[in-house]
Structures are given as C-alpha cells and as structure tokens.
C-alpha cells in the first residue's frame, strides 16, 4: 500500500515562514542557517532532483549543487510566501546545467538507478522496490509534477507557474500519473 504523508496548509505556511527566515539569515551571512535550511528542505530538493534525473548519484550531486547555489544567491531572494518555488527555480537551473554537462537526458524507458546506502528520509523512500517500479511507470513530466505536489506540497497552480505550463496540462498529467499509480498499486495488492 502506498502511503503519502502530506502537510496541512497551516504546517506548510509555518514551514514556509521558517524557510524565509532562514534564507534571510543566510543572506546576512549566517553559516548556521544553511544547516537548518538543509534539515527543512533536503528531502524536497532531493526528491525533485530524483524525479528529474532518475539516478540516485545524479540526484545527490544536484542536491549538493542546489544548496551551494542557494547559499550564493540568498541575497537575491525576495520573500513572497513561497520560498520553495524559488528553491525549485534554482534547482531547475542546476539540473539544466547538469544535463548539459553530462549530455544525459532521461527517457521514460530508462531504469531508475537507486542503490541502498543511506538512512535519510529521501534514501528510505528512494530505496523501495515498489517506489522504483512506480516511478518507472511515469513520464518525466509526471514524476516532476508528482514530486512537486506530493513531496513538496506545492499547489497545482504554483507548479504550473514554476514549470511554465498551463494549469490544465499540469492537472491532466497529475491525474494521469495518479491513475497509473493507483492501478499498479491495486494490481500489486491483489497479487499479495
């Protein structure tokens, strides 16, 4: 059975406010704020990177590079209540650079390369055989939208704006992805 833990709207607002405070502290040069930011959003950043790269190693590299770039660009962040949208914009640029360097693009036919090494939340989610099979069913766009919505809690409108896609496209891809996942999970549960 696939269980998804989601934050309530109040929890998300509280978390977003804290992320903005931490980004402001980083902009003022507070090195300890980087550790707090990492604790707050590492699983979001890693999950999004994994949804785009489909490789644990590449996702770890992108996650690292994203936090380095956030540190460098913290002074450019303007608080607007949605700090993860800014973080994901930074991360998308890192991912583009990563793909340009490696000349590797993900297709829906590629195997998702995830190895068992760590014990963080992102690692425990990524190391599940069921999660690997489910992610392999989805297109790159579907994985990206699922990660942004379920893991990071962004609303469909926010995802559409972030990705520069029409809301109807985001909703359609999200619903299609959820249906694919539900069918697969029901088949697996029926076979148990």
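The values are calculated or read from the model by the stated rules, or taken from the named source; none is laboratory data. This structure is a prediction, so every number in the text was calculated from the model and none was measured. A quick note on method: Cβ atoms are made from the backbone with ideal geometry, for glycine too, and the neighbour counts reach across all protein chains shown.
Looking only at residues of the stretch 65-85 that are over 16 Å from residue 34 (Cα atoms) and either under 19 Å from the mean Cα position of the chain (by Cα) or touching a residue at least 60 places away in the same chain (Cβ under 8 Å) (or both), we find that the one that is surrounded by the fewest Cβ atoms within 10 Å (Cβ to Cβ) is 81.
So, in the stretch 28-56, of the ones that are part of a helix (DSSP H, G or I) and without any contact (Cβ under 8 Å) to a residue 12 or more places away in the chain, which residue ends up nearest to residue 139 (Cα to Cα)? Here the residue is 39. The set of residues in the stretch 7-26 being modelled with pLDDT under 95 and in contact with a helix residue (DSSP H, G or I) (Cβ under 8 Å, 6 or more places away or on another chain) consists of 7, 15, 16.
Restricted to the stretch 16-27, and to residues there that are in contact (Cβ under 8 Å) with a residue 24 or more places away in the chain and buried (at least 17 other Cβ atoms within 10 Å of the Cβ), the residue that is farthest from residue 154 (Cα to Cα) is 26.
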